[in-house]
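The numbers here are math on the coordinates, done by the rules we state, and not lab data. In this text, all values refer to a predicted model and were calculated from it rather than measured experimentally. In this analysis, Cβ positions are derived from the backbone assuming ideal geometry, glycine residues included, and neighbour counts consider all displayed protein chains.
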Amino acid sequence: MKKSKIGRRQFLKQTAFAAAIPTIISSTALGKGDTPPPSERVNLGYIGVGGRGGGLMRGTLNGHNEAQVVAVSDCFESKRKKALDKIKEIYTKKGRASDARAYADFREMLAREDIDGVVVATPDHWHVPISYYAIQAGKDVYVEKPLGVSVDYGFKLRKLVQDKKAVLQYGTQQRSSYYFRFACELARNGYIGELESIDAWCPGLMSSGFYAGAFADGNEKIKPATQPPKDINYDRWIGPAPMKPYTDIRVTNWGAWHIYDYALGFIAGWGAHPLDIAQWGNDTDETAPVHYEGTGTIPKGILYDTVAKWDIRCKYANGVKMRFMDDLTAMPVVKKYNPKARDHGTTFHGTEGWVSVRRGTINFSDEKLRRLKLKSTDTHLYESKSHLGNFIDCIKTRKKPVSPIETAVQSDLISHLSNAAIRLNRPVKWDPKTEQVIGDSELAKSLNRKLRAPWKV
């Protein structure tokens, strides 16, 4: 007889604490090396196993012996097969058996009682609906950023997570990096003086190098519709978004990221990272800026129709100002004080200096800050060295993860309100207590979208 979902959660929690108690048992019962026996491993399913999802899956297979991948789901048959082949290859090398299964319909995966958590790495428009279905089915969720294409979806997901006491890890993995945590601790503890302003920036659709090539691929008028290949369930890929005629580029990563039916664009998809760190360092995880205004560029007459460049000025209720930019707009601004700046980052400006952080490095107005050690009385932020590892651990312990749903909703909201300020060409006033736009019903309506039947949130 299968254990009930609640029973399995209790079992995993008990074994998480029992692991610290010395005892003598057989090596077979323990598994091999640092691998726990199958009954104590967290069972994960992956929904969306293309580029990002495939990378996360491989990270679990190679680096997290406390978990096992038991199921995959994708709209592409070829991606499902490739994922199963990779699971078998890696587990065979480790001397572990695998009976992982592939599902064309993610709902069949969610019906399995033995799955503890799912990792959602689909196109953006599916992030919240699938997470919602998963939590209703009793699963914990790791969901990639951005949170979604509709503000009300995020609010509903937050309520469900809280009501079900589920674990939800938002895929802003920078919170599991020392550099980002240290930068936020410097800002939070006053080591750069009183925090006055923040710069946050990331690549946009018109960025140079790799991004320029990708933009060129979609920088054309919409091609005549063709029949979807047999490899893809196109109706399922479209899901809750409006049904549109099939063209190859729609179902590529770049089509999914930069066609407005499926995403807000990099203002959310990439912007989620620097904005999340801005929120953490400003101690505003439970709120969002109250005022937004600025400008942006949206391509016309081509398939890509998300915001390509932007320059948004925000203000928090605590008086801190934030400038949120694409990297082409940001470089002339941030290189004035930090010549080492690159295409993404978050800078905290205080009355006595600044600290600027990006992936792989951190820069300071004064190099003495690099050697600073926090005092025991300082605010020490949540320490996580692995975003997936933290998710797996929280499934066992039922603790809140480093990037919970509450922080996801607020940082995602900044992208939505910035996007609305650009598209409607006017300032946005936001009430963080009621979580509503102030005095602009048209703009408020633009933040939410209807789902195509039969999908619901």
If amide hydrogens are placed 1.01 Å from N in the peptide plane, which non-local residues have theirs closer than 5 Å to the one on Trp430? His291, Ile438
Using only C-alpha atoms and all pairs of different ones, pull out the Kirkwood radius for the stretch 381-429 in Å with one decimal. 13.0
Overall Cα dimensions of the chain, principal axis frame, Å, largest first: 63, 62, 42
With just the Cα atoms of the stretch 331-457, tell me how far they stretch along each of the three principal axes, in Å, largest first. 54, 46, 28
Counting only residues 5 or more apart in sequence or on a different chain, those whose built amide H sits under 5 Å from that of Tyr103 are Val72, Ser73, Asp74
Separation of the Leu424 and Asp152 label points, Cα + 7 Å toward Cβ, nm: 1.5
In the stretch 396-427, trypsin sites (Lys or Arg not before Pro) in a DSSP loop with at most 16 other beta-carbon atoms within 10 Å: Arg398, Lys399
Mind jotting down the distance between the C-alpha centroids of the stretch 102-178 and the stretch 252-327, whole Å? 22
Pairwise label distance in nanometres, Ser386 with Lys335, each label 7 Å out on the Cα-Cβ vector: 3.9
May I ask what percent, to the nearest 5, of DSSP beta bridges between residues of the chain are antiparallel? 55
What order do you get for 330-340, 431-441 when each peptide is scored by the mean count of other beta carbon atoms within 10 Å, highest first? 330-340, 431-441
Say R0 is 51 Å: what FRET efficiency, to the nearest 0.05, do Glu194 and Ser78 get from their beta-carbon distance? 0.40
Just order 139-152, 292-305, 342-355, 224-237 by mean Cβ neighbour count inside 10 Å, highest at the front, would you? 139-152, 342-355, 292-305, 224-237
Helix-only mean residue ellipticity at 222 nm, the chain, DSSP H runs n ≥ 4 weighted -39,500 (n - 2.57), per residue, nearest 500. What is it? -10500 deg cm²/dmol
Taking other Cβ within 10 Å of each residue's Cβ, how do Arg371, Arg313, Arg359 sort, fewest first? Arg371, Arg359, Arg313
